[in-house]
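Report on one structure; see the data block that follows.
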Amino acid sequence: MTAAQALAATRADTLSARNFARLASYVYEAAGIKLPDPKKMMVEGRLRRRLQAVGIDTLDAYCDALFAGTLAAAEIPLLINAVTTNKTDFFREPGHFDFMVETALPALIGQGARTLRVWSAACSTGPEPYTLAMVLDDHAARRGGFTFGILATDIDTDVLATARKGIYPAEMLAPVPAALHRAYVRLPTDPCRREVRIAPALRSTIDFARLNLMDDSYPVGAPMHLIFCRNVLIYFDKPTQRAVLTRLLDCLAPNGYLFLGHSESIHGMGLPLRPVGNTVFQRSEA
C-alpha cells in the first residue's frame, strides 16, 4: 500500500454509530464527560493515535477489543487521556487571583488560618497551580503570616507528567507579571531554546496526583481553604455537576472559598454556598 493509499484508508476509517454510542456511554460513566454526536470526528481523530500503540488497524476493532476486555487494563486511562480536553493558561481569569489576594487571604488569615491548603482540582498541564503558587508565595513574602501547600489533580496522566516537569514554551509564560517572572521562572542557558522552567523551590510547594472527579469521594486529606475547579463542570451534565460540587464541598473548610470558571453556575442547586465574587463562592459556616 502506498503512503497515499494508507492516508486515504485512515481518513476512511470511522467509528460505527453503535461503537461511538458505546464509547460515549463508557466515557460518561468513567469520567463524566459528555460526547455528543458532533464530537464524533474529534474522538475519531484522537483515537487513531492509539491504534498504532496497541497494534490494531481500525477504530471499530479498537472499540471491540476495548469492550471485550482483550486490551490491557492500562489502556483505560490512556483512552480517557485521549478524549479529555485540556485548555489552560497562566493567569487565566486573572480576577480570581486578585480576589484571592485582596479578599480571601486577609479573611482566612484574620480567622486564624496559618497554613493554607489549596486545591487545583483540574490542573491540566500545570499553569493554574503554578500561578497559584506564584501569587501565594509572593504575597507570603511581602505580607507574611502564613505558609501554604497546593494539591494539583487531574484525571489525565499525560498532562500530570507535563505539569510535574514544569517546563513550558517561553511564550506560554507571557501573561505572568514581570516581577513574578523574574522571581519564579528560570531561563535556559542556551538562548536558542524557547523553553523555560518553573523554579524548583516553587515546584516543591505543589503535590501532583491523579484524581477522577467522578469518584465517590476525594481523598485529599484535611479540609481545603481554597478550591479552584474552573472550566471543567462545563463538560458535565447538571446532575453530574451537582454531584461533583457536593463532593468538593465535603473537602472545603467552613468559610473556605470555591472558584469556578466564568461560564459555570451553581444556580438552582441548593448548595451551602454564597456568592462573594464573580464565580467565587464561600461555604456557609457549619
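For every residue, the table says whether it meets (1) buried (at least 19 other Cβ atoms within 10 Å of the Cβ); (2) over 30 Å from ALA222 (Cβ atoms); (3) of a type in the set (D, E, K, R); (4) in contact with a strand residue (DSSP E or B) (Cβ under 7 Å, 6 or more places away or on another chain).
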residue: LYS39; (1), (2), (3), (4): no, yes, yes, no
residue: ARG46; (1), (2), (3), (4): no, yes, yes, no
residue: GLY55; (1), (2), (3), (4): no, yes, no, no
residue: ILE76; (1), (2), (3), (4): no, yes, no, no
residue: HIS96; (1), (2), (3), (4): yes, no, no, yes
residue: SER124; (1), (2), (3), (4): yes, no, no, yes
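Count of region 58-79 residues, restricted to those that are free of Cβ contacts under 8 Å to residues at least 40 places away in the same chain and in a loop (DSSP other than H, G, I, E, B), is 6. Residues of region 229-252 include at least one that is buried (at least 21 other Cβ atoms within 10 Å of the Cβ), part of a strand (DSSP E or B), without any contact (Cβ under 8 Å) to a residue 40 or more places away in the chain and not polar (S, T, N, Q). Evaluated against (1) hydrophobic (A, V, I, L, M, F, W, C); (2) in contact with an Asp or Glu (Cβ under 8 Å, 6 or more places away or on another chain); (3) modelled with pLDDT under 85, ALA30 falls short on exactly one condition, (2). Filtered by the rule that a residue be closer than 20 Å to LYS87 by Cβ and part of a loop (DSSP other than H, G, I, E, B), region 197-213 gives LEU211, ASN212, LEU213. At least 2 residues being touching a His at 6+ places or on another chain (Cβ under 7 Å) is the threshold, and among the strands (runs of 3 or more DSSP E) wholly inside region 84-183 those reaching it are 115-120. Do we find that ARG274 is of a type in the set (D, E, K, R), outside any loop (DSSP other than H, G, I, E, B) and over 18 Å from the mean Cα position of the chain (by Cα) in this structure? Spelling it out, ARG274 is indeed of a type in the set (D, E, K, R), outside any loop (DSSP other than H, G, I, E, B) and over 18 Å from the mean Cα position of the chain (by Cα). Pairing each residue of region 90-106 that is within 13 Å of TYR130 (Cα to Cα) with any residue that is outside any loop (DSSP other than H, G, I, E, B) and among the charged types (D, E, K, R), provided the two are 6+ apart or on different chains, yields C-beta distances under 9 Å for PHE90/GLU128; ARG92/GLU128.
The residue that is nearest to the chain's Cα centre (by Cα), among those in region 210-252 that are farther than 16 Å from GLU29 by Cα and aromatic (Phe, Trp, Tyr), is PHE228.
The values are calculated or read from the model by the stated rules, or taken from the named source; none is laboratory data. A quick note: this is a predicted structure, and the numbers were derived from the prediction, not measured. Here the Cβ is made from the backbone with ideal geometry for all residues, glycine too, and neighbour counts use every protein chain on show.
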